Amino acid sequence: MPPGWPDFSSGDREALLAPFLSCTSPAEVLALQERVDMPRLVEALDDWRAVRLGALGTPREDVAHLLNSKRAAFLMKAPEKYGALGAEVLAVFIVDSAHDDDLRELLFLLAREKRLEETLASLPAFQGALERRGLKPTARVDRDFEVGDLGRGAGRALRDGLSSSLANDGGGGFAFLPIRGQLPPEYQKALDEAEKRWAEQHFSAGNVALGGFDHLTFGVPLGFYGLLASTGHGARSLAQGRYEQATRELAPAALLVALYAGGKGLRYLSEGRGAPGRGPHRRTGLEALELRLRALEETARQLEGRMSQEGLRELVRYLQASREAGRFVAAGGADAALALYEARGDVAKARPLLSRARPGATDSPPVKSGAGTGAREAAAANEAPRPSLEKARATKRPGTLASLVDEGVGHTREVVEAKLAAVELETTGPRHPTDIGVLKKHHPTLDAPPPEARGNPRWREYVDYYERRSLEVEKGTAAEGPLKWEGYERMRGLFARGLAFERSMVKLLQEDAKKPRADRRFLGDFDKPRIETHVGVRKPGPGLRYADVLVIEQGESGGRPRRVETLSFKSRDLSTMGEKQLAAQMTDDASEALRYYGETLDIRRESLQHLLPGGSEVNVPRARLIYEGGELKPSDVAMLKRAVNETKRLAPGVEVQFQ
């Protein structure tokens, strides 16, 4: 970066944008945003430079609204300033370079200014581009008429009249020249074609088809915008030629995903780390660009080898759909792209999958199993090998791990595996020693289970678990040896029971949320509750943890902080405990719930943060601890009541319930 950047006092807007133009991937754009006051920088840019910034990569969440406001302002002024054809191509450029949630906000901003209907009518290419993305721009209507619209409308009519004159047409074309040169090559070619057709056939602006666009993606060719923006003429020519060749040989969808997922590798190659016999050197612009394009093509070919073309197109749509998905893949690379595809575009479900596929890829840092960290954190960073993300799901035979998967309540296979790893770390049953020789000697085999394990569907699971833990012991990343079969089988039975209770509670909450507020049993304090499972939350002491359920108010807040509650479920046999033991156990559980999921939390799930205008930190007025009832509940009602009251006294802020 230039020394002293950013210098807001200079008034040089191009200098403010310049370091972003030198980024070679969305990942670098994402990283650079963390090193600068982005709200102030975006505010300092004019509308067109803000549009260019948005085309380089996914914006940070705290500047998305400001960026979209500048996109809307630019779009409203474009027909008057740059003429009909120029405004058409710029409108398509904005659509192709934005995520779906950006475009929805853009339509809202236009409607709020009472300019949506007018914009759609004057820029048919804009409406067509939106509809190709699956959006329905005509479903939203402009706000009602206000008196102030009279003066604004009269002034615009006068300017429209002037802009239609021949004298002003040349001025508009002249003003458009610098912007035209900053558009990616494909858009310049499309504009040339549209102008030629208009001149030859006298098409009206509304009937001009802007050909040459690949509307499948917003990153191709816009992804190459970052590769072209800061290069000279020779590099630009090279990029255009290589891009045309790559487009013929590779699917545009693969190129887009490669751009988002391969950023770190592109930078490594572009800078150069030395050459045989020449020593370290920084490559020239042409050399760097050539290497970046080669790396991009190689990443694209690898993706094509792992996914079908239909799968790549689906992945592109997931990237288009939300800023959160764009940031997730830009930061996590190819593994994150595959995880997003496995999770069908749901970033919340993709995060635990990524943490299993590549340790340390998410917010939780890699740790050694059992080495003084929270069990859930250790589970998220489990370094045991796992099948590839593309591998087919296991058959849901009764008793197997696959049979516990229920995506309807957030229990994806990855979440189930993470929860099981956490429970295994906390289990105190008999274990094998951490002696490699002893572990190899007692290594179980599929063909020779002990008599008590014959016919048990979990024996195969146990053999795989033993093998993984033995490998961890050999690498020195496991603090304890594997559980013995009898301990593992007991742990798995209790785990399945607890997961079944959690599943039933989530379904109860989902049904409760559908009822009128007065009829609800659990969610009566919410107007429009949103139920989320396995939500990452962070506190200064415990670090990153995953709440079983987080409920957040998504109705109108009236400017007040939104209500947030957490729920923790326990399937624990309390029926045989005496009063002192019962009170001690419940107090420990409640204190844990308060320590991990109560008071002030930093919500890490990005899909929820747009509901939190005050930032990701929220106050949790109540954390709930819900025990499974039935046979697990103490039969002495009076004793149970005293234990509950004692728990409330020692752990204020936690509500204890039985189901």
Each label sits 7 Å from Cα toward the beta-carbon; between Asp588 and Lys648 the label points are separated, in nm, by 2.4 nm
The stretch 62-105 versus the stretch 440-464: alpha-carbon centroid distance in Å: 62 Å
Between Ser607 and Asp519, what is the spin-label point distance in nm, taking each point 7 Å from the Cα along the Cα→C-beta axis? 2.8 nm
Strictly over 31 Å apart at the Cα level, which of Lys419/Lys539; Lys539/Lys570; Lys515/Lys633; Lys419/Lys440; Lys507/Lys580; Lys70/Lys189 would you flag in this model? Lys507/Lys580
Residues listed by number, the stretch 606-620, amide nitrogen under 18 Å from Glu556 label point at 7 Å toward C-beta: 611-613
What does the highest-first list of 517-530, 53-66, 462-475, 324-337 look like by mean Cβ count within 10 Å? 324-337, 53-66, 462-475, 517-530
Note the full-extension length gain between Asp62 and Lys136 as 0.36 nm times their separation in residues minus their Cα-Cα distance, in nm to one decimal. 24.0 nm
FRET efficiency, 1/(1 + (r/R0)^6) with R0 56 Å, evaluated for Glu195 and Glu532 via beta carbons: 0.65
Given that compact globular proteins tend to follow 2.2 N^0.38 Å, what is the ratio of the alpha-carbon Rg of the stretch 1-110 to that value? 1.05
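Would you mind getting the Kirkwood hydrodynamic radius of the stretch 505-658 from its Cα pairs, rounded to one decimal in Å? Each step should come with its number before you reach the end.
Values: mean 1/r = 0.0613 Å⁻¹.
Result for the stretch 505-658, one decimal place: 16.3 Å.
None of the figures in this text is laboratory data; all of them are computed from the coordinates on show. All of these numbers come straight from a predicted model, not from anything done at the bench. Please note: Cβ atoms are built from the backbone with ideal geometry, for glycine as well, and neighbour counts cover all protein chains shown.
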